Structures are given as C-alpha cells and as structure tokens.
Amino acid sequence: MRVTLAQLEAFFWVAQLGSVQLAARQLNLAQPTVSLRIRDLEQNLGRGLFERSGRGIRLTDAGVNLLDRAAAILDEVGKIKSETVAEIGGTIRLGFAEGFAMVCLAPFVEALRRDYPGLRPDLSVATSSALERDMAAHRLDLAFLVNPVGQPGLRMQPLGAQPTAWAAAPAWGLGPRVRPADLRMVPIFTNPPPSAMYRQIMDWFGLAGLEPARLDICTSVTVVAHLAASGVGIGLLPVKMIEPQIAAGTLRILDVVPPVEPGHVFACFWEGAETPAVDAALRCIRQVLGAMDYLVLER
C-alpha cells in the first residue's frame, strides 16, 4: 500500500478543522469517504494519527509530526495545480444523458467553474443513443452515457450504476407486487429505439417472454417523468431524477418482479483524445459523484 495525496488531504483538513464532518464539507466529499482515507493512511503508516478527546478528536504525537510535512506537500501540489489550471482553457464539448444531467449537471458546472475557470463547457443534453451518434461524428469531446452500445476506438470508463425503476401515478393502483403481465396493457412512455430506456423496457418484458402492447415515444426523459406523474402512462426512470415527484406523491416506485436492471453510466471519449480539458472534466465529475449519493459503485 502507498500513501496518496487524497489521504494526506483528508488528514490535513480533519486536523485543521477538528472534525471529519467539517473536513468532508470542505473537500466536497461524503463523510465515510474521508473516514476511509484516514483509516487507509493510518494503516499505511502503521500508526494512529487521531484519538478521541471528549466529543471531538485530537492529533496523536504521530499526527502532530505528520501535519507540517503534509501541509508542505499539499502547498507544493497546490502551486503545481495553480500553474496547470491556468493553462487549461477554451471550450470543451460535453454530452450528458438527460436523466444523469437532471441530477449531476448543475454541481458539475459549479465544480468546473471553481476549479478550471478558463474552461467553458459547450453542453449537449439528450438520450445516450443520440449522444453516441454525436460522439461517432466527433461533435463531442466527452460524453456521459447510460448503457452505450460502444464503437471501435471509443474508450468507455465505468462510473457506476444508475438505479432505475418503474414509476406510476398512484391513481393507477398498481401493486403491491407487479409483474410484466400486469404492465403489458398499460400505456408506457419511452425514449425512441435504440435508446437505453427503450432497451431496458424491452429486456424487462422479454424476461417473461412478453412485449408491451403500447409504447408511446417521447424524446425527453424529463417529459416522460412529467407524463407519468400526470397519470397518462407510466415510465421506467432513473430513481434519483424522480425523487421530487416521489416526495410530492405524484409518482410512486413500483415493486416489480423481476427486478429492474440498473443503467450503467460511462464516461466516453476517443482513444488518444485525453486532452487536459477532458482530464479536467473527468476529475470534476468524479468529484461530484464522490460527494453525492447518486451512482452505485460496481465491482
């Protein structure tokens, strides 16, 4: 095992602020992530760095000895980063799958502006299949896609699984346990084929040897959610995206058998096209995803 900058950064801010919670807020990370980095650092060094003191924590002798060295390392890294960030500028063409964008795009733009102020995003939001066509035509530098088909020369880095569920207005009275045969005659809204949503729907019904009787096509994931909440049909939607409708009681998640396979989210770019701008955008999206409970990490 080796000591990483992420571990030293977590240690430094916990030491400075006297709290894992405050350090997590400072670093824009989840609290368990900061705790894990501290634990890994202590295991790597073979000594404890913090100890309980009343309701708080304080540095051990080993922690005190490490603090100045960690501060010096992070200060030097900060200088290097400042010089590098100043060189990253211009426009980067980014594609976001719509359901993913509804939850992650705003914090991503905020992180990009904060960390790379000279970099300007040119944003495209659409279905993953449409964005994959744009990637094929080299109209995008980087795209975040759900269940992409993939193309020769297109590099796909997995980011995690996007929980997906059947959602319907309560007025449909579906449940308590729903199977493909129960939804076969219900109007379903979907993105057009060969979108990830369309393939997920057909695969789910296919597990029972069935096809839905009525699929109404809509190019927007957000509008599909609106139509489902209005009660004119149902949809297969990213769970995080419809949390506001679930909280408002206009949509509820159906308990289905078989379970719905989650969407698999990838960062996609061309081999050899890892420019500093692409690397910067990838760092920002990983930072955002690390700070929010959106994707489920896959083994």
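The values are calculated or read from the model by the stated rules, or taken from the named source; none is laboratory data. The shown structure was predicted, so the numbers you read here are calculated from the model rather than taken from an experiment. Note: ideal-geometry Cβ built from the backbone for every residue, glycine included; neighbour counts use all protein chains shown. Only protein heavy atoms, including side chains, enter the accessible area calculation; ligands, DNA and RNA are left aside. Shrake-Rupley method; radii C 1.70, N 1.55, O 1.52, S 1.80 Å.
Could you list, in sequence order, all residues of region 127-151 that are open to solvent by 30 Å² or more (accessible area, probe 1.4 Å), on the phi < 0 side of the Ramachandran plot and touching a residue at least 24 places away in the same chain (Cβ under 8 Å)?
Matches in region 127-151: Asp134, Arg139, Asp141, Val149.
Got a sec? Which of Ala291, Ala267 is within 14 Å of Pro158 (Cα to Cα), open to solvent by less than 50 Å² (accessible area, probe 1.4 Å) and not acidic (Asp, Glu)?
Details: Ala291 fails: within 14 Å of Pro158 (Cα to Cα).
It is Ala267.
Those residues that are of a type in the set (A, V, I, L, M) and out of contact with any Leu (no Cβ under 7 Å at 6 or more places or on another chain), I need them from region 261-283; list them, please. Don't jump to the end; show me each part of the working.
So in region 261-283, the residues of a type in the set (A, V, I, L, M) come out as 265, 267, 273, 277-278, 280-282.
Within region 261-283, Ala273, Leu282 meet the criteria.
Among Arg47, Arg2, Arg113, Arg69, which is surrounded by fewer than 15 Cβ atoms within 10 Å (Cβ to Cβ) and touching a residue at least 40 places away in the same chain (Cβ under 8 Å)?
Arg2
May I ask you to say which residue of Leu159, Leu236, Leu183, Leu154 is over 23 Å from Phe96 (Cα atoms) and either surrounded by fewer than 18 Cβ atoms within 10 Å (Cβ to Cβ) or not polar (S, T, N, Q) (or both)? Give the derivation first.
Details: Leu159 fails: over 23 Å from Phe96 (Cα atoms); Leu236 fails: over 23 Å from Phe96 (Cα atoms); Leu154 fails: over 23 Å from Phe96 (Cα atoms).
That would be Leu183, the only listed residue that is over 23 Å from Phe96 (Cα atoms) and either surrounded by fewer than 18 Cβ atoms within 10 Å (Cβ to Cβ) or not polar (S, T, N, Q) (or both).
Please enumerate the residues belonging to region 186-209 that are under 14 Å from Asn147 (Cα atoms), open to solvent by 30 Å² or more (accessible area, probe 1.4 Å) and in a loop (DSSP other than H, G, I, E, B).
Pro193, Pro194
Can you find even one residue in region 213-223 that is open to solvent by less than 70 Å² (accessible area, probe 1.4 Å), touching a Lys or Arg at 6+ places or on another chain (Cβ under 6 Å) and either within 11 Å of Ala168 (Cα to Cα) or free of Cβ contacts under 8 Å to residues at least 40 places away in the same chain (or both)?
yes
Go through region 125-145 and give me each residue that's outside any helix (DSSP H, G or I) and of a type in the set (D, E, K, R).
Arg139, Asp141
If you take the residues of region 33-43 that are closer than 16 Å to Phe12 by Cα and open to solvent by 40 Å² or more (accessible area, probe 1.4 Å), which of them is nearest to the chain's Cα centre (by Cα)?
Restricting to residues being closer than 16 Å to Phe12 by Cα and open to solvent by 40 Å² or more (accessible area, probe 1.4 Å), the top hit is Thr33.
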